[in-house]
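Asker: Right, I'll just put the structure down here and ask away after.
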Amino acid sequence: MEAAVVLVRLVAFAAGVTLFGAPLFVLYGLPRENASAGALRPILIVAAFLTILAATVGLVLQTGEMAGDPSAGLDLATLRDVLAGGGFGISMAVRVLAGLLALVPLIARRAGRGLWGLTAVLGAVSLAAIAWSGHGGADEGAAGLVHALADVVHLLSAGVWLGALAALLLMLNQRSSSASSSVAVVDLHGALKGFAGVGSATVALIVASGLVNSWFLVGPSHIGDFAYSLWGRLLLIKLAVFTAMLGLAALNRFRLTPRLEATLASDPAAALGDLRRSLAQETAAGLAVLALVAALGRLAPPLSG
């Protein structure tokens, strides 16, 4: 049961950051529609479906867990009580609704900036709602509001970063015709340069909101000993992986992107290959961070003890 809940949380995080961050990246990173933007639709359809699935399965699993009886998760009356009983139930309902509202136009509407904007908004709603199903929704009063807000900023900032990585990888893996490949590479280079400033702001928000969250979950009285708990050790691993992501992001920005620019007029194949590998590694590290966050959300932080 515990492993299943962590897996469902990981799917929810991954689907949420994709549904929010990837279409948002198209809006600010690609000045014109191209094949990569159009190819994003199937990925977003999958992300919307997984958002609905993860929220539904998570509701069933955690309802059974709260009731002390796994079968209670399939009892309609119990599920109705959970949905109406507080932040957790509301979070699940909002995520299902946001996923449905995103899925329908993604299937039925024509691709374009209007569709990407609508999807990004609904993705932001579904991602932000996760905050109320974890530690961020556990506190009450003004402190609880600040904690939840910091959690929302943390989630959305991660969504901007990881969603952009998903879109960039899609652009790198698109197979264009020889007549349009040079245009695609120029678009990719422009998108990479455009993300540079956004990425810096995103990292700043992740760090700031992470510090606020740490204040609520660890507190100054546990700074010296939090690493002795499983929660603390997983947090340290998460910080190490996050640091590796920062290193890869710096490599992309200050070395690989300028290298791609220098080869635009000749043969960018080698530069594109290096970028693809680096972005794949950065994305893998991001998924590892999401997995660690999914596990951390199931453990008691130091200040709860």
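Asker: Checking the condition of a type in the set (D, E, K, R), modelled with pLDDT under 90 and closer than 17 Å to Ala164 by Cα, which residue from Arg109, Arg113, Arg80 passes?
Answerer: Arg113
Asker: A further question follows. For the range 66-79, which positions are among the small types (Gly, Ala, Ser), part of a helix (DSSP H, G or I) and either closer than 27 Å to Gly144 by Cα or free of Cβ contacts under 8 Å to residues at least 12 places away in the same chain (or both)?
Answerer: Answer for the range 66-79, where residues must be among the small types (Gly, Ala, Ser), part of a helix (DSSP H, G or I) and either closer than 27 Å to Gly144 by Cα or free of Cβ contacts under 8 Å to residues at least 12 places away in the same chain (or both): Ala67, Ser71, Ala72, Ala77.
Asker: Same structure again: I'd like the residue in the range 1-19 that is of a type in the set (Gly, Ala, Ser) and farther than 21 Å from Val104 by Cβ and, out of all such residues, is surrounded by the fewest Cβ atoms within 10 Å (Cβ to Cβ).
Answerer: Going through the qualifying residues, I end up with Ala3.
Asker: Does Ala294 meet the test of being buried (at least 18 other Cβ atoms within 10 Å of the Cβ), in contact with a Lys or Arg (Cβ under 8 Å, 6 or more places away or on another chain), touching a residue at least 12 places away in the same chain (Cβ under 8 Å) and not polar (S, T, N, Q)?
Answerer: Yes; evaluated as a whole, the condition is true for this residue.
Asker: Now a separate question. Among the residues of the range 187-201, is there at least one that is free of Cβ contacts under 8 Å to residues at least 24 places away in the same chain and farther than 21 Å from Thr18 by Cα?
Answerer: For the range 187-201, residues free of Cβ contacts under 8 Å to residues at least 24 places away in the same chain and farther than 21 Å from Thr18 by Cα: absent.
Asker: Looking at Ala196, Ala166, Ala184, can you tell me which residue is assigned to a helix (DSSP H, G or I) and at pLDDT 85 or above?
Answerer: Only one candidate passes the filter, namely Ala166.
Asker: Condition test on Val160, is it at pLDDT 95 or above, of a type outside the set (Lys, Arg), in contact with a helix residue (DSSP H, G or I) (Cβ under 6 Å, 6 or more places away or on another chain) and in a helix (DSSP H, G or I)?
Answerer: yes
Asker: Cβ contacts < 7 Å: first residue free of Cβ contacts under 8 Å to residues at least 40 places away in the same chain, restricted to the range 90-103; second residue assigned to a helix (DSSP H, G or I) and not β-branched (Val, Ile, Thr), any location; separation 6+ or different chain. Result?
Answerer: Ala93/Leu83; Val94/Ala129; Leu101/Leu122
Asker: Can you go through Leu239, Leu260, Leu299, Leu211 and tell me which one is touching a residue at least 24 places away in the same chain (Cβ under 8 Å), closer than 25 Å to Ala150 by Cβ and not small (Gly, Ala, Ser)?
Answerer: Matching residue, one of Leu239, Leu260, Leu299, Leu211: Leu299.
Asker: Test Val82 against the criterion of being hydrophobic (A, V, I, L, M, F, W, C), surrounded by 15 or more Cβ atoms within 10 Å (Cβ to Cβ), more than 15 Å from Val17 (Cα to Cα) and in contact (Cβ under 8 Å) with a residue 40 or more places away in the chain, and give yes or no.
Answerer: No; evaluated as a whole, the condition is false for this residue.
Asker: Search the range 133-157 for residues being within 19 Å of the chain's Cα centre (by Cα), part of a helix (DSSP H, G or I) and among the small types (Gly, Ala, Ser), and hand back the single one that is modelled with the highest pLDDT.
Answerer: Only one residue fits best here, namely Ser157.
Asker: I would also like to ask the following. Say whether the condition of being buried (at least 18 other Cβ atoms within 10 Å of the Cβ) and assigned to a loop (DSSP other than H, G, I, E, B) is met by at least one residue in the range 266-276.
Answerer: Taking every residue of the range 266-276 in turn, at least one turns out to be buried (at least 18 other Cβ atoms within 10 Å of the Cβ) and assigned to a loop (DSSP other than H, G, I, E, B).
Asker: Same structure again: For the condition surrounded by fewer than 18 Cβ atoms within 10 Å (Cβ to Cβ), in a helix (DSSP H, G or I) and in contact with a helix residue (DSSP H, G or I) (Cβ under 6 Å, 6 or more places away or on another chain), what is the one hit in Ala55, Ala93, Ala37, Ala22?
Answerer: Ala93
Asker: How many residues does the range 242-261 contain that are surrounded by fewer than 18 Cβ atoms within 10 Å (Cβ to Cβ) and at pLDDT 90 or above?
Answerer: Residues in the range 242-261 being surrounded by fewer than 18 Cβ atoms within 10 Å (Cβ to Cβ) and at pLDDT 90 or above: 11 in total.
Yes/no per residue for (1) modelled with pLDDT of 90 or more; (2) part of a helix (DSSP H, G or I); (3) in contact with a Pro (Cβ under 9 Å, 6 or more places away or on another chain):
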site	(1), (2), (3)
Gly16	yes, yes, no
Glu33	no, no, no
Arg41	yes, yes, no
Ala47	yes, yes, no
Gly64	no, yes, yes
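The values are calculated or read from the model by the stated rules, or taken from the named source; none is laboratory data. Owing to the predicted nature of the structure, the values given are computational and were not obtained by experimental measurement. Quick reminder, even Gly has a Cβ in these numbers, built from the backbone with ideal geometry, and neighbours come from all protein chains shown.
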